[in-house]
Amino acid sequence: MFDVFQNVLAEIQRKIPENSFKTWFRDITLVSLDKKEGVATIGTPNVFLAKQLESKYREMIIDAFRNNHIEVNQIDFKVKANTKTKTTSREVKSDDGVRLGGGGRVASTRDLVKRFTSSAPSQKISTGLNSKYTLDNFVVGSNNELAAGVAKLIVKDPGGKYNPFFLYGGPGLGKTHLVQGIGNAIIENNPNCKLLYITMNHFYSEFINSIRANKGDDFVKKYQKLDVLIIDDFQMIMGKDRSQEEFFNIFNDLHQANKQIIITCDRLPKQIKTLDVRLSSRLESAGAYDISFPGFEDRCAILKAKAEYMGQEIEDAAIEYIAENVKTNVRELEGEFQKIMVTAEIKGMTPLEIINEGYVSGSVARRTRSVTARQVVEKVAKYYGLTVVEMTGKSRVANIKTARQVAMYLLSKELGMSTTKIAPEVGVKDHTTVMNGIKKIENDQKTNLQLRDQIDQIKEAIYG
């Protein structure tokens, strides 16, 4: 068992930089491996390392086990006993009295989750779920309110009105958190529920392996027995015609039996090239729900919730600074938060002191550079192959009009300008035209992936 783990580590070492491997993997050990349940328990010297492995390398570790012919669906990180470490700036106790901060024996990541959130109970059947993702610690805002509301209704009635549940949106916006939160809540209500969370890539790998091993029937039966199937990153089905056909059959079997199907994707079904029209239609039969990027207040709420979950203290001014300057996705927002908190711990300073003293690096520092309205207009015009005069003129040609509206949107969202101030910058007189232009770009991004990518590229040009 432990020899296999050396092979797992060797494979990971080939995939990541040497410094990263030494930092995160040098001091970990395999505590136990339950092949029947597909659960591997890995020992770490401290809670911080456990959290980093959990957030950054969980999927890579699972893949490395599978590539060594060991089917692992769940990784538990356990802090070694008698290891002294400081995990937070305040001391709290878990349900069994184990100290979580201030030295002494440190609890595992699972203990921390149990302390700060309502996590799902441990299961005899491997579900592929991560217990840290719950509906209780999913921050609801204007960007995801409808999807979160439907999620709670699904928990009450799996396989009912909202089946299938199709959730779409850009990367790093919380889709995985929400659907795994649904799964954990369903299991909490019904521990005997046969539920599986799996990415589309893993589904594809399982299918191919079953064909090679002449066990296609076993593969189908595994999925037909499920009460709830959660498929993440469904867009990866593109170009996989045979697995698409198999998924279509499994989908029909489960749906006809009123079994709950939950799917995440970065786009609508009709935007997935080569997707069978019949499957595309059925995926949206109960509606498609999107998650968009959170507004400033929602970003602040996310950071405050993360600080509470981590048991860390951070000033409101520091939270507002991060929320104001990271405008890409929630993953990057939380990443910048974590970098600032780690730097603060290493230097023995508060997060706000770290920011004020100029220790900030990466996206926050990059995006706080002084950017003028004129620069935004110039970058947008250049991206669309136009001159500023052409873009801010009176032309109603479609590509020029789109460029003008994108400029309106970026001036509003990136620079916080009012519609009355934006109007003269883009060559329009009526501020209601600006309002309509901003709203159109906001709505179009939900379904137009090309436009979403264009705006991201323009942002990189502005802040690069």
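Here are the numbers for this structure:
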{"read-out": "In sequence order, calculated HN-Hα J values of segment 200-217 (Karplus, 6.51, -1.76, 1.60; Hz; x Gly/Pro)", "value": "4, 5, 5, 4, 4, 4, 4, 5, 4, 5, 5, 5, 4, 8, 6, 10, x, 5"}
{"read-out": "Surface accessible to a 1.4 Å probe, Glu188 within the full protein complex, Å²", "value": "100"}
{"read-out": "With DNA, RNA and ligands ignored, accessible area of Ser281 (1.4 Å probe; Å², nearest 10)", "value": "80"}
{"read-out": "Value of [θ]222 nm, deg cm²/dmol, for the chain, DSSP H segments ≥ 4, -39500 (n - 2.57) each, nearest 500", "value": "-16000 deg cm²/dmol"}
{"read-out": "Accessible-area order (highest first, 1.4 angstrom probe) of the listed residues Met238, Met435, Met408, Met417", "value": "Met435, Met238, Met417, Met408"}
{"read-out": "Sequence-distant residues sharing a close amide H with Asp76 (under 5 Å, placed H)", "value": "Ala40, Thr41, Ile42"}
{"read-out": "Amide H within-cut-off set for Thr199, under 5 Å, with H built and near neighbours excluded", "value": "Asp232"}
{"read-out": "Value in Å of the Kirkwood radius, where segment 217-273 supplies the Cα pairs that are averaged", "value": "12.0"}
{"read-out": "Surface accessible to a 1.4 Å probe, Tyr204 within the full protein complex, Å²", "value": "80"}
{"read-out": "Solvent-accessible ranking of Lys22, Lys259, largest area first, probe 1.4 Å", "value": "Lys22, Lys259"}
{"read-out": "Shape call, segment 389-464: gyration tensor on alpha carbons, a/c limit 1.5", "value": "rounded"}
{"read-out": "Carbon + sulfur, % of accessible area of the chain - ligands and nucleic acids excluded, 1.4 Å", "value": "47"}
{"read-out": "Calculated from backbone phi, Karplus (6.51, -1.76, 1.60) coupling profile of segment 420-432 in Hz, x at Gly/Pro", "value": "5, 7, 6, 3, x, 5, 10, x, 10, 9, 9, 5, 5"}
{"read-out": "Heavy-atom accessible area per residue - the chain, 1.4 Å, Å²", "value": "48"}
{"read-out": "Shape call, the chain: gyration tensor on alpha carbons, a/c limit 1.5", "value": "oblate"}
{"read-out": "Top positive-direction residue, dipole computed over the chain with Cβ charges, set Ile211, Gln256, Val397", "value": "Val397"}
{"read-out": "Exceeding the 29 Å Cα-Cα cut-off - candidates Lys270/Lys439; Lys273/Lys459; Lys175/Lys240; Lys156/Lys225; Lys51/Lys215; Lys56/Lys459", "value": "Lys51/Lys215"}
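The values are calculated or read from the model by the stated rules, or taken from the named source; none is laboratory data. Small disclaimer: the values here were computed from a predicted structure and weren't measured. Note that we place each Cβ from the backbone using ideal geometry, even for glycine, and neighbour counts take in every protein chain shown. Please note that ligands, DNA and RNA were not included when accessible areas were found on the heavy atoms of the full protein model with its side chains. Shrake-Rupley method; radii C 1.70, N 1.55, O 1.52, S 1.80 Å.
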